[in-house]
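Trainee: Okay, here's the structure, questions in a sec.
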Amino acid sequence: MSDSIPTAPVAAPAPVPAATGDDERLRRWRMVLGGDADGTGRGLRGTDAAMDSALAALYGGGGGGARPARGARTAGLGASAPSVARWLGDIRTYFPSSVVQVMQRDAIDRLGLSALLLEPEMLEAVEADVHLVGTLLSLNKAMPETTKETARAVVRKVVQEIEKRLATRTRATLTGALDRSARISRPRHRDIDWDRTIRANLKNYLPEYRTVVPERLIGYGRAGQSVKKEVVLCIDQSGSMAASVVYASVFGAVLASMRSLATRLVVFDTAVVDLTDELEDPVDVLFGTQLGGGTDINRALAYCQSRITRPADTVVVLISDLYEGGIRNEMLKRVAAMKASGVQFVALLALSDEGAPAYDREHAAALAALGAPAFACTPDLFPDVMAAAIEKRPIPVPDDSAVPTGAR
């Protein structure tokens, strides 16, 4: 006989039915596959059904107005402004902002909805971002007057968000760089650049005292009202450079607000347009661009070179994917001549938050061989790039950038 006290059997905690995990997997597959006859045997209800409908309207395989075959996703937006407006409202309800921006971009590319952005009601419904601004700028010339004010309001909202993110750090970084680059010969004690001062006075070394007599002091300058450096932003406005044009215009306005810098902004395709007079307002700059068209980098650089008055105190930033439609050898000779005269020259293959861009590798390598770094740059890195160029020190090329051989 057992000494143990008999007890009634205790029921174990009910395990989570395997079907619960399976259901979730089936639900996810159902959302991915879409349609009815998808093999999952899973129907959608409520929010899931609404999300699926929004996805089907964009990523379906059929044409705009055709009746879908059973189980097939079809593009259901057609060319109807009311249905697009409803769809834009739906995706903002069911998806986060970052996903909404991707879906809007895909809708414009896949379903040809660019024309609908010419309607004020449609612009008010979209989620504004850099890519939408690029699309609006490409439509600028076709935009009716009734839409232009709404479009400017959308663009201004994006520009203000970018300025809020980048302006303060840009001014602080470049002010420090300008102070360090402006050497003065009668500095206060705390402003003396001891390294440069000692090297400049080595001839005055007194062995008996084991010291250097600093006849000439070299110091860091303090920020003042006079112009210390000139900056030329030369921006390729071909269609693939839309995001770069937006960011460069904002940076141009920020740089133009600094009294120690004289900033010039030039945009080009096969023609060259100087937008320096518009720099007070980056929105005016953006609406002064004409996205699309060919590319003549040589002509643009020729114009910029003709406006340089103090080569040793000038930084030229070419923002282009380097697909040159002009005279390649002349372009390279022009860059070499600018560098020989003392100009700091930097080529940015892109100025955006996106990954490595498509670019002309042969031209990028040729610039690198001339000592002109060519690489893709994020907006967050741009202030450091400009600071290095102003101080004439090595440019901080990011490790994950698209950098041709010899550019580092």
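Bear in mind that the values in this text are calculations on the coordinates, not laboratory data. Only a predicted model underlies this, so the values are computations on that prediction, with no experimental measurement involved. Ideal geometry is used to build each Cβ from the backbone, glycine not excepted, and the neighbour counts take in all protein chains shown.
Trainee: Listed residues 110, 156; which is within 26 Å of residue 252 (Cα to Cα) and surrounded by fewer than 19 Cβ atoms within 10 Å (Cβ to Cβ)?
Mentor: When all the criteria are applied, what remains is 156.
Trainee: While we're on this one: Quickly run through segment 360-377 and pick out the residues that are part of a loop (DSSP other than H, G, I, E, B), surrounded by fewer than 21 Cβ atoms within 10 Å (Cβ to Cβ) and of a type outside the set (A, V, I, L, M).
Mentor: 360, 371
Trainee: Another question, then. Within segment 103-131, can you find the residues that are closer than 16 Å to residue 158 by Cβ and free of Cβ contacts under 8 Å to residues at least 40 places away in the same chain?
Mentor: Answer for segment 103-131, where residues must be closer than 16 Å to residue 158 by Cβ and free of Cβ contacts under 8 Å to residues at least 40 places away in the same chain: 104, 105, 108, 117, 123, 124, 126, 127, 128, 129.
Trainee: Which pairs turn up if I take residues in segment 241-258 that are under 20 Å from residue 175 (Cβ atoms) and look for partners that are aromatic (Phe, Trp, Tyr) with beta carbon separation below 7 Å, at least 6 apart in sequence or on another chain?
Mentor: Sorted first by the residue in segment 241-258, then by its partner, the pairs are 251/382.
Trainee: If you scan segment 189-210, which residues turn out to be within 17 Å of residue 179 (Cα to Cα) and of a type in the set (S, T, N, Q)?
Mentor: Of everything in segment 189-210, just one residue is within 17 Å of residue 179 (Cα to Cα) and of a type in the set (S, T, N, Q), namely 197.
Trainee: Residues being in contact (Cβ under 8 Å) with a residue 40 or more places away in the chain and either of a type in the set (S, T, N, Q) or out of contact with any Cys (no Cβ under 6 Å at 6 or more places or on another chain) (or both): count how many of those fall in segment 289-315.
Mentor: Total satisfying the criteria: 16.
Trainee: Can you go through 321, 384, 380, 353 and tell me which one is under 26 Å from residue 243 (Cα atoms), of a type in the set (Asp, Glu) and part of a helix (DSSP H, G or I)?
Mentor: Answer to the check: 384.
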